[in-house]
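> I have a structure here, written as structure tokens, and I will follow up with some questions on it.
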Amino acid sequence: SVYVSGDATAAYDAPVQRAHRAIIFQRPGTLATIDHVAADRPLRWEWNLHTRQPLQRMSSHRFRLYDEQAKAGVCLDIIEPAEFDFVQSDRFTTPPEPSALRPPQWHAVLSLKSAAATATFVVGMSIDCNASTAPVRSRGGRFVPLRVARVLRLVHRGREARPRSIRRAGERAG
């Protein structure tokens, strides 16, 4: 397993006070992103994904992205927040310069249902949706693919934890 984390707080202006992301990769093809954000006042937090194809909603908390040309895909399991709004569009807030050669780009936005001072977004991703056939464990009344759940054991009550076998990028085994 590979674990990396970063603090992106400096990339945001007030009122954002915290923006941390952790990414965990588990072979053969499972990834989880864990985002913790905080502000000095309630905000309607968003998790954004930009793709070349639209996401297909498979269930309330599962989405599939498939590229026909590449014959490859990924499933996204939204673990946190438990309730969210989801929209996607191929439109830009500020349209780019016209170009007949530019392929369409899709913008998916997962947002909290109401404003909050803090938020945690946990998204499990399984390459080619291979985790969907694994046994599942329940979390918050929902089901999570087991392969994703194994990766998410590293997350405990909003704090990142890692077993000794998982090292930050650049760390040596010791």
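> Two decimals is fine: what is log10 I(q)/I(0) at q = 0.23, 0.26 Å⁻¹ for the stretch 1-81, from a Debye sum with one equal scatterer on every Cα and no solvent?
-1.20, -1.27
> How high is the FRET efficiency from LYS113 to ALA8, r the C-beta distance, R0 25 Å, rounded to 0.05?
FRET efficiency, LYS113 to ALA8: 0.55.
> Within 10 Å of each candidate Cβ there may be at most 15 other Cβ atoms; applying that plus a DSSP loop requirement, which trypsin sites (Lys or Arg not before Pro) in the stretch 1-70 survive?
Filter output for the stretch 1-70: ARG44, ARG52.
> Just the number, please: carbon plus sulfur as a percent of the accessible area of the stretch 51-92, 1.4 Å probe, no ligands or DNA/RNA counted.
Carbon-and-sulfur percentage of accessible area, whole number: 48.
> Test of understanding: what is the full-extension gain from GLU68 to PHE92, defined as 0.36 nm times their sequence separation minus their Cα-Cα distance?
Full-extension gain reported as 6.3 nm.
> Please report, in cubic angstrom per residue, the volume enclosed by the convex hull of the alpha-carbon atoms of the stretch 27-72.
Considering the Cα atoms of the stretch 27-72, their hull volume per residue is 122 Å³.
> If each residue of separation counts as 0.36 nm, what is the full-extension length gain between ILE23 and ASN48 once their alpha-carbon separation is subtracted?
7.5 nm
> Another question, then. Of all the C-alpha pairs in the stretch 48-110, what % are more than 18 Å from each other?
42
The values are calculated or read from the model by the stated rules, or taken from the named source; none is laboratory data. Bear in mind that the values here come from a model prediction, so they are computed numbers and not experimental data. Glycine also receives a Cβ, built like all others from the backbone with ideal geometry; neighbour counts cover every protein chain displayed. These area figures cover heavy atoms from the full protein model, side chains too; ligands, DNA and RNA do not enter into them. Shrake-Rupley method; radii C 1.70, N 1.55, O 1.52, S 1.80 Å.
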